[in-house]
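The values are calculated or read from the model by the stated rules, or taken from the named source; none is laboratory data. Predicted, not measured: the structure shown is a model, and the values here were computed from it. For neighbour counting, all protein chains shown are included, and Cβ atoms are generated from backbone atoms with ideal geometry for every residue, glycine included. Accessible surface areas use protein heavy atoms only, side chains included; no ligands, DNA or RNA. Shrake-Rupley method; radii C 1.70, N 1.55, O 1.52, S 1.80 Å.
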Amino acid sequence: MPESVDRDVYPEPPRQTPVPNRLSILPDPVPLLAGLFTFVVDKPVTAFHDWMESQRAKRKIHYYHREFRRIPDLTHCLEEDYICHFEADQQWQRDYLVDQEIVKIIRGPRVQACRTREGESADQNCAPLLNQYAEVCKAYKSRYEDLGYYSSARKCLMKQRQRMMEERKARGKPTLE
């Protein structure tokens, strides 16, 4: 860098910030409105939020670990007890979702991981898992296969009744019809 600087090209910056030239005697409304907003809106809302968080922190609720009590089957409900019918149907819906997840877990992480790990000898080395998967699929199909989209505990019970009657006919025993 050259030792002598041309002052016409590079003027020296001012030593102090210039004082703004105010045209009005009235105060600036922006800081007043910002302070008003802070004390009227922000502080009460923040205080209320902090109080609610402290109340919620006293008793922790873990939504991911909700346990439902086990409801009796539809066969245990009286004929006119609609609340029992509804609860049994809700229990059946939960059982249906659990059974779906069981099939997914056995198929996905277990069987496919074993097939990937074992490669060409997967049929031989993964035989116990494949047998377990076949049993789970058979049980799932026997319970839920032909129920349709609008399935319920009553439809499932009627399907089970039909299956039991067919098995009884196949064995040669008389039915109750």
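A compact table of results
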{"read-out": "Every pair of residues 6+ apart whose Cβ atoms lie under 9 Å, when the first sits in the stretch 140-160 and is closer than 14 Å to residue 95 by Cα while the second is in a helix (DSSP H, G or I) and among the basic types (Lys, Arg)", "value": "143/159; 144/159; 156/143"}
{"read-out": "In the stretch 113-163, the residues that are basic (Lys, Arg) and open to solvent by less than 60 Å² (accessible area, probe 1.4 Å)", "value": "159"}
{"read-out": "Test: residue in the stretch 82-92 that is within 30 Å of residue 145 (Cβ to Cβ), open to solvent by less than 80 Å² (accessible area, probe 1.4 Å) and among the β-branched types (Val, Ile, Thr)", "value": "no"}
